[in-house]
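As structure tokens, the structure follows; a few thoughts come after it.
The values are calculated or read from the model by the stated rules, or taken from the named source; none is laboratory data. All figures in this text were calculated on a predicted structure; none of them were measured in a lab. Neighbour counts run over all protein chains shown; Cβ positions are idealised from the backbone, glycine included.
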Amino acid sequence: MSKKNSKETDSGWFLLVLALTIVSATGIAFLAHSGDTQLEKLISRKKNLQKRNVRLKEKHTNLQIRRQRLHQDPQLIKKLAREKLGLVKPGEKVIWFKKPEDYLKEFDLKEETRPETVFENSRD
């Protein structure tokens with residue numbers, strides 16, 4: 001081989017190695033950046049899960065306290081049964097009262113025609 005061909009071959013290899021090095025460095029930088037982004041997302045998710053865990057532990061503690069109170073206080077159970085479930089003792093009579101808004105809906109009346117409103121307006 002001649003010296004000229006040898007130099008051209010050497011410079012060709014050099015350019016090829018240089019191009020591969022640049023491409024590799026660019027790829028590594030890109031992958032490192034996307035890895036950093038992924039790591040940041042995972043760290044953020046971990047923090048959110050830790051906060052949620054603290055809230056759930058507090059809720060669990062409150063529920064345990066409430067459960068304990070229910071087991072120890074029969075009067076509380078009776079009170080909740082009356083208020084939440086509408087239960088009554090045998091022989092008791094239940095009287096249900098309607099809200100004023102229910103009367104307005106029932107008779108298709110408007111707010112200004114309620115008796116209290118008419119009476120208040122007639123005093124003036």
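Set side by side, the residues Gly91, Gly86 differ, and just one is on the phi > 0 side of the Ramachandran plot, out of contact with any helix residue (DSSP H, G or I) (no Cβ under 8 Å at 6 or more places or on another chain) and either surrounded by 10 or more Cβ atoms within 10 Å (Cβ to Cβ) or modelled with pLDDT of 85 or more (or both), which is Gly91. Among residues of the stretch 42-63 that are of a type in the set (Lys, Arg), none has a beta-carbon under 9 Å from a residue that is modelled with pLDDT under 95 at least six positions away or on a different chain. From the list Gln68, Gln64, Gln72, Gln38, the one residue that fits, being out of contact with any helix residue (DSSP H, G or I) (no Cβ under 9 Å at 6 or more places or on another chain), modelled with pLDDT of 75 or more, surrounded by fewer than 10 Cβ atoms within 10 Å (Cβ to Cβ) and of a type in the set (S, T, N, Q), is Gln72.
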